[in-house]
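Working notes, structure below.
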Amino acid sequence: MYFIQLFLLLPMLLFVYQVYRYAITQTGIKKERACFALGITYFSVGVTCLVFRRLQLALLGLLLLMLGLLLIAHGLQRKDKKIFIDRFDEDL
């Protein structure tokens, strides 16, 4: 019975990965918004899947948590890489 449920879980994982790749390929402000929204959604659904304590949902939950954190990290990338946040100010 577990094999059938895992087999049905594969199309869902493929869909989740395709949406992840779509959000990553955006550019500019669209990428930031898509990554943040999808990352928070994946993270929330991942935590919800872990609450039910089933093997199949636990695997899906862990994958969604990891993809959610990756998406949030991609959304935090700097747009203008010439400006450094930690640059030294000599005026002090």
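The values are calculated or read from the model by the stated rules, or taken from the named source; none is laboratory data. On a predicted model such as this, the values are computed, not experimentally measured, just so you know. For neighbour counting, all protein chains shown are included, and Cβ atoms are generated from backbone atoms with ideal geometry for every residue, glycine included. These area figures cover heavy atoms from the full protein model, side chains too; ligands, DNA and RNA do not enter into them. Shrake-Rupley method; radii C 1.70, N 1.55, O 1.52, S 1.80 Å.
Just to be sure I understand the filter: pairs with C-beta atoms under 8 Å, separated by 6 or more residues or on different chains, first member in the stretch 46-74 and under 16 Å from Gln5 (Cβ atoms), second member exposed (fewer than 14 other Cβ atoms within 10 Å of the Cβ) and at pLDDT 90 or above. Which pairs pass?
Gly61/Val47; Gly61/Thr48
Are any of the residues in the stretch 26-47 surrounded by fewer than 13 Cβ atoms within 10 Å (Cβ to Cβ) and at pLDDT 90 or above?
no
Any residue in the stretch 13-38 that's within 15 Å of Leu69 (Cβ to Cβ): show its pairings with residues that are outside any helix (DSSP H, G or I) and open to solvent by 40 Å² or more (accessible area, probe 1.4 Å) at Cβ separation under 9 Å, as long as the two are six or more apart or on different chains.
Once the first residue is within 15 Å of Leu69 (Cβ to Cβ) and sits in the stretch 13-38, its partners that are outside any helix (DSSP H, G or I) and open to solvent by 40 Å² or more (accessible area, probe 1.4 Å) give Cys35/Leu76; Cys35/Gln77; Phe36/Leu76.
From (1) at pLDDT 90 or above; (2) not in a helix (DSSP H, G or I), pick out the condition that doesn't hold for Lys79.
Here Lys79 clears every test but (1).
Mind listing just one residue for me: the one in the stretch 51-72 that is modelled with pLDDT of 90 or more and either of a type in the set (Asp, Glu) or over 15 Å from Val19 (Cα atoms) (or both) and, of those, surrounded by the fewest Cβ atoms within 10 Å (Cβ to Cβ)?
If we take residues in the stretch 51-72 being modelled with pLDDT of 90 or more and either of a type in the set (Asp, Glu) or over 15 Å from Val19 (Cα atoms) (or both), then Val51 is surrounded by the fewest Cβ atoms within 10 Å (Cβ to Cβ).
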